Amino acid sequence: MANVKERYAPAWTDDSKRLVSAPSPFAKQSLFYVQEIGHFRTLPAYFTERERLDSYLIVFTLDGQGSLTYRGDAYSVSAGQWFWIDCMDYHHYRTHADRLWELLWVHFNGPSAKGYYDCFAEEGR
């Protein structure tokens, strides 16, 4: 597997939360499992740019605004909106320059994760 390519600026408030999971080998082989989960209140400098991470990411916007570049398209994400991406593909998301961004997010994986994602992606077209 190719190495993860990643750049980021962890610019979030002190009350932001991030939990990293350590799933068992059994979970990784057999189950749908959480890798990381969090609640961020991001500051203007926050961004993540990444590809080749074996993970799926769901982000839900609680308040403010962010932007996402994924598979060559650019999106603006506001309160009540969400996105789901395959982190193997290049992606870049950041806080909007004029607004903060409060978000809930989860990285997850598992043997059935790709199937769920593919169904979602097909429905979303």
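What follows is calculated from the coordinates using simple rules that are stated; it is not laboratory data. Since the model is a prediction, treat every value here as computed from it, not as a measurement. Every residue, glycine as well, gets a Cβ built from its backbone with ideal geometry; the counts of neighbours run over all protein chains shown.
Worth pointing out:
- Debye log10 I(q)/I(0) for the chain, one point scatterer per Cα, at q = 0.11, 0.12, 0.14, 0.22 Å⁻¹: -0.38, -0.45, -0.62, -1.44
- Here the Debye sum runs over all C-alpha atoms of the stretch 70-125 as equal scatterers in vacuum, and log10 of I(q)/I(0) at q = 0.12, 0.15, 0.25 Å⁻¹ comes out as -0.35, -0.54, -1.29.
- Mean residue ellipticity at 222 nm, helices only, the chain: -3500 deg cm²/dmol; runs of at least 4 DSSP H residues each add -39,500 (n - 2.57), and the sum is divided by the number of residues.
- Whole-angstrom gap from the stretch 4-18 to the stretch 69-125, using each part's C-alpha centre: 16
- Cα-based helix-to-principal-axis angle, 113-123 vs the chain, degrees rounded to 10: 60
- Loop-located trypsin sites (Lys or Arg not before Pro) in the stretch 1-92, at most 15 other Cβ atoms within 10 Å (DSSP): Arg52, Arg71
- Loop-located chymotrypsin sites (Phe, Trp or Tyr not before Pro) in the stretch 1-76 whose Cβ has at most 10 other Cβ within 10 Å (DSSP): none
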